[in-house]
1. Which residues does the label zone of Glu121 cover in segment 1-39, counting backbone N under 14 Å from a point 7 Å along Cα→Cβ?
2. What whole-number distance in Å separates the alpha-carbon centres of segment 21-59 and segment 110-126?
3. Amide H of Thr109: which non-local residues (sequence gap of 5 or more, or other chain) have their own amide H closer than 5 Å, using H built in the peptide plane?
4. What is the magnitude of the charge dipole of segment 7-85 about its Cα centre, with +1 placed on the Cβ of each Lys and Arg, -1 on the Cβ of each Asp and Glu, and no other charges, expressed in debye to the nearest 20?
5. Given R₀ = 35 Å, what would the calculated FRET efficiency be for Leu89 paired with Lys31, taking r from the Cβ atoms and rounding to 0.05?
6. Roughly how big is the chain's charge dipole about its Cα centre, with Cβ charges of +1 (Lys, Arg) and -1 (Asp, Glu), in debye to the nearest 20?
7. Over the alpha-carbon set of segment 2-124, work out the extent along each principal axis and list the three values in angstrom, largest first.
8. Can you list residues from other chains, or at least 5 along the same chain, whose modelled amide H is less than 5 Å from the amide H of Gly36?
Amino acid sequence: MIFVDSSVLIDYFNNVKTWQVDVLDDLLGKKIVIIGDYVLAEVLQGFKSDKDFAKAKSILQSFPCYEICGESIALRSAKNFRLLRKKGLTIRKTIDIVIATFCIENGFTLLHNDKDFLPFEKHLGLKTLKQN
């Protein structure tokens with residue numbers, strides 16, 4: 001299963017051409033694409049018009065949506081943050097720490113366009129899709 005981060009979905013809905021958006025387009029209908037509740041909230045809060053919000057909501061609700069942060073993931077996320085900080089790496093957004101940790105713990109591959117995930121790849125084994 002491929003977990004899609006808000007960084008890719010925001011580009012997708014804004015018609016920004018990136019290799020990640022192209023990969024998402026290619027995955028749809030071929031692979032199981034999933035999102036998390038935080039991603040759903042993060043993407044939908046950015047829409048200004050009710051019409052665009054409703055359209056995006058309908059599209060996003062077609063993906064399986066996981067509740068990504070309970071006590072176990074919260075504790076593991078804090079440990080991961082501390083481990084990276086000890087290596088001199090500080091992740092800017094708590095949501096990214098939770099998403100990366102959730103994907104690592106569940107064996108999901110992440111499709112993203114956000115440099116905050118790179119330390120998780122390098123030091124904690126986060127699986128991500130790469131540009132061909």
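1. Hits in segment 1-39 for Glu121 at 14 Å: 5, 8, 19-21.
2. 20
3. When sequence neighbours closer than 5 places are left aside, the close amide H contacts are Phe3.
4. Values: 11 positive and 10 negative charges, 49 e Å.
Around 240 debye, computed over segment 7-85.
5. Values: r = 30 Å, r/R0 = 0.87.
That gives a FRET efficiency of 0.70.
6. Details: 19 positive and 16 negative charges, 105 e Å.
Using Cβ point charges on Lys, Arg, Asp and Glu, the chain gives about 500 debye.
7. Principal-axis extents of segment 2-124 (Cα, largest first): 45, 28, 26 Å.
8. Under 5 Å from the amide H of Gly36: Tyr66.
Each value in this text was obtained by applying a stated rule to the coordinates, not by laboratory testing. Please read these numbers as outputs of a predicted model, since none were measured by experiment. Here Cβ is always computed from backbone atoms with ideal geometry, including for glycine, and neighbour counts include all displayed protein chains.
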